[in-house]
1. Which of the residues that make up the range 384-428 are closer than 20 Å to SER207 by Cα and of a type in the set (Asp, Glu)?
2. Residues of the range 163-192 being over 15 Å from MET214 (Cα atoms), surrounded by fewer than 16 Cβ atoms within 10 Å (Cβ to Cβ) and at pLDDT 95 or above, which ones?
3. Can you say whether GLY380 is touching a residue at least 24 places away in the same chain (Cβ under 8 Å), out of contact with any helix residue (DSSP H, G or I) (no Cβ under 7 Å at 6 or more places or on another chain) and not hydroxyl-bearing (Ser, Thr, Tyr), as far as the supplied structure shows?
4. What number of residues in the range 354-381 are basic (Lys, Arg) and within 25 Å of the chain's Cα centre (by Cα)?
5. Out of VAL412, VAL396, VAL403, which single residue is modelled with pLDDT of 95 or more, within 17 Å of ALA322 (Cβ to Cβ) and not in a loop (DSSP other than H, G, I, E, B)?
6. Looking only at the range 383-416, count how many residues are in contact with a helix residue (DSSP H, G or I) (Cβ under 7 Å, 6 or more places away or on another chain) and of a type in the set (A, V, I, L, M, F, W, C).
7. Looking only at the range 354-363, which residues are under 15 Å from GLN397 (Cβ atoms) and modelled with pLDDT under 95?
8. Checking THR284 against (1) of a type outside the set (A, V, I, L, M); (2) farther than 27 Å from GLY60 by Cα; (3) surrounded by fewer than 24 Cβ atoms within 10 Å (Cβ to Cβ), which single condition isn't satisfied?
Amino acid sequence: MRLLFFLFFFSASCCQYISAQDFDEWFLDKTLRLDYTFSGDNHSQYIYLDEMRSSDGWYGRRVNLDRLLLLGNGQICVKDCKSGTVLYRCSFSTLFKEWQTMEEASRVHKSFENVFLVPFPKKPVDITVTLTDTHNQVKGEMTHRVDPQDILIRPVSNEGNFTWKYLQKSGDSKNKIDVAFIAEGYQATEMNIFENDCRDAIDAMISHEPFKTMSDRFNFVAVMVPSKDAGVSVPHDNIWKNTAVGSSFDTFYSNRYLTTLHLKRVHDVLAGVPYEHIVILANTDTYGGGGIYNSYLMSAAHNEQNLPVVVHEFGHSFAGLADEYYYDDEYEPLYPADTEPWEPNITTLVDFKSKWADMLGDNVKIPTIPSGKNIYTEVGVYEGGGYQSKGVYRPVQECRMKVNQAPVFCPVCERAIRRMIDYYTKQE
């Protein structure tokens with residue numbers, strides 16, 4: 001499916017680093033949830049703070065706190081008010097950013113919900129949210145101060161009394177990556193089906209390297225939130241359902257693009273659950289899905305291609321990998337010829353040495369002519385990727401990020417995923 005995620009190894013050299021042992025100095029074992037509205041059109045971006053909430057427990061990373069591994073198309077930065085020390089940073093991508101590349105954005109303004117989680121500070125902090133364009137240029141920025149004693153920071157809990165359970169618990173959340181599965185379009189009587197669907201998805205994920213050998217870095221939970229209606233909304237068939245997180249096909253008028261725009265609702269159903277990354281399984285057999293870096297992935301749980309799609313979309317939402325397929329029908333190219341993409345698995349050759357140049361064999365030509373041999377493992381520089389047949393290049397002939405039929409992630413994608421897992425779980 002579509003990818004909104006831009007990846008680059010980003011240095012925070014100008015920042016004062018916060019080591020693992022500093023977490024308890026600056027933060028409580030709580031989460032500060034920040035709800036924002038992003039709005040604009042294809043030329044403008046505006047950021048508004050909606051609401052702040054708190055919950056017990058912090059389930060995000062406790063290492064590499066102020067370092068960005070991925071640049072994303074947006075970043076959030078938490079600084080101590082008094083010293084200016086950068087305490088925490090993360091990057092993200094948004095449906096808003098992708099919508100800005102659509103024709104519709106040239107003739108109308110729209111707004112999109114976005115929700116971010118940061119560790120709860122002990123002292124007042126300044127939080128800056130930044131949005132960038134496809135040229136890596138800042139186009140929107142907003143800074144606001146947060147006083148942890150603010151009486152309007154609303155505590156939240158599992159108000160819906162939804163049950164949840166661990167499907168795999170590898171250890172304490174303090175040094176593991178917590179992934180939550182949400183039931184979407186499953187009625188109360190279908191939770192056994194949902195649990196089985198979760199287990200199938202987990203098995204598919206951890207059957208691929210490097211997840212297979214690093215599966216002990218992950219905790220997986222299933223959130224049994226029931227929907228009034230079974231299935232999901234399909235606007236092009238005039239089908240509208242009342243479901244847990246309001247998902248729908250036809251995102252941006254693309255029939256197979258299955259997402260939800262209701263991010264506040266997504267995080268509401270996760271209140272009280274240990275989570276850091278989100279997988280939404282939709283109770284439908286129609287092919288579709290989507291994934292947004294550091295936001296969520298969604299997949300049609302009962303389509304025959306569901307398991308390959310889940311793995312592909314987790315490559316997006318967790319690891320920030322780019323789509324390697326192409327079709328040249330973009331309203332506006334996501335990868336301008338004068339800018340190196342942020343993803344690790346595609347390049348415009350503007351700064352190829354920052355990508356997989358070190359993984360090329362001797363005498364590999366650029367561009368590399370497909371040979372039809374060793375199509376999943378032979379690393380080269382093959383033209384076509386990122387939805388563009390010309391000017392964007394991918395590492396191998398076929399990869400998990402290009403076609404559902406590919407059984408593995410290519411060596412470049414596998415290395416990028418491994419680096420991401422280490423980023424969350426090992427002090428660098």
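The values are calculated or read from the model by the stated rules, or taken from the named source; none is laboratory data. Quick caveat: nothing in here was measured; it's all calculated off a predicted structure. Glycine also receives a Cβ, built like all others from the backbone with ideal geometry; neighbour counts cover every protein chain displayed.
1. GLU398, GLU414, ASP422
2. The answer is LYS165, TYR166, ASP172, ALA188, THR189, ASN192.
3. Here the answer is no, as GLY380 does not meet what is asked.
4. Here the count works out to 1.
5. Exactly one of VAL412, VAL396, VAL403 is modelled with pLDDT of 95 or more, within 17 Å of ALA322 (Cβ to Cβ) and not in a loop (DSSP other than H, G, I, E, B), namely VAL412.
6. Going through the range 383-416 one residue at a time, the tally reaches 5.
7. GLY361
8. (3)
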